[in-house]
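Below you'll find the structure, written out as structure tokens, and then a few comments.
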Amino acid sequence: MALLDVLPYQLERNWCAAVLKSDAAALGAILADDLTDVSETGKVAGKTQDLASLKTDKTTVCEDDMMQVRLYGDAAVVVGRATVKSATFNGQVRFTDTYIRRNGHWLCVATQATEIKP
């Protein structure tokens with residue numbers, strides 16, 4: 001696997017680690033300033049709201065699996081499954097994250113999650 005293939009995949013792992021540690025600086029480095037986040041409930045948020053939620057929505061489990069990375073030049077799409085336990089959500093989601101490479105750095109510009117019902 002080429003280095004460019006690994007970067008968005010590793011960013012997903014870093015995202016979970018940042019959420020578990022409530023590390024706004026680490027998560028902020030992954031999310032683009034113009035991020036659009038559509039949650040499993042259909043709520044639309046941006047980077048500012050996502051970073052603020054680290055303080056109020058403590059996450060104790062964040063595990064990604066079944067990830068597939070597709071590269072399209074300076075864009076990448078990651079589709080996977082996440083298991084999450086937090087103050088506001090306990091379950092699994094399918095997610096689609098879209099990354100753009102800007103100034104040599106991959107940034108997530110869009111993320112969408114759909115709850116997997118048991």
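The values are calculated or read from the model by the stated rules, or taken from the named source; none is laboratory data. Every value quoted in this text rests on a predicted model; they were computed, and no experiment measured them. All Cβ positions, even for glycine, are placed from backbone atoms using ideal geometry, and neighbour counts span all protein chains on display.
All conditions but one from (1) within 12 Å of the chain's Cα centre (by Cα); (2) of a type outside the set (A, V, I, L, M, F, W, C); (3) modelled with pLDDT under 95 apply to residue 105; the one that does not is (1). When you scan segment 51-59, do you find a residue that is within 22 Å of residue 24 (Cα to Cα), surrounded by fewer than 18 Cβ atoms within 10 Å (Cβ to Cβ) and in contact with a strand residue (DSSP E or B) (Cβ under 6 Å, 6 or more places away or on another chain), even just one? Yes, segment 51-59 contains at least one residue that is within 22 Å of residue 24 (Cα to Cα), surrounded by fewer than 18 Cβ atoms within 10 Å (Cβ to Cβ) and in contact with a strand residue (DSSP E or B) (Cβ under 6 Å, 6 or more places away or on another chain).
Looking across 75, 18, one residue alone is surrounded by 17 or more Cβ atoms within 10 Å (Cβ to Cβ) and at pLDDT 95 or above. It is 18.
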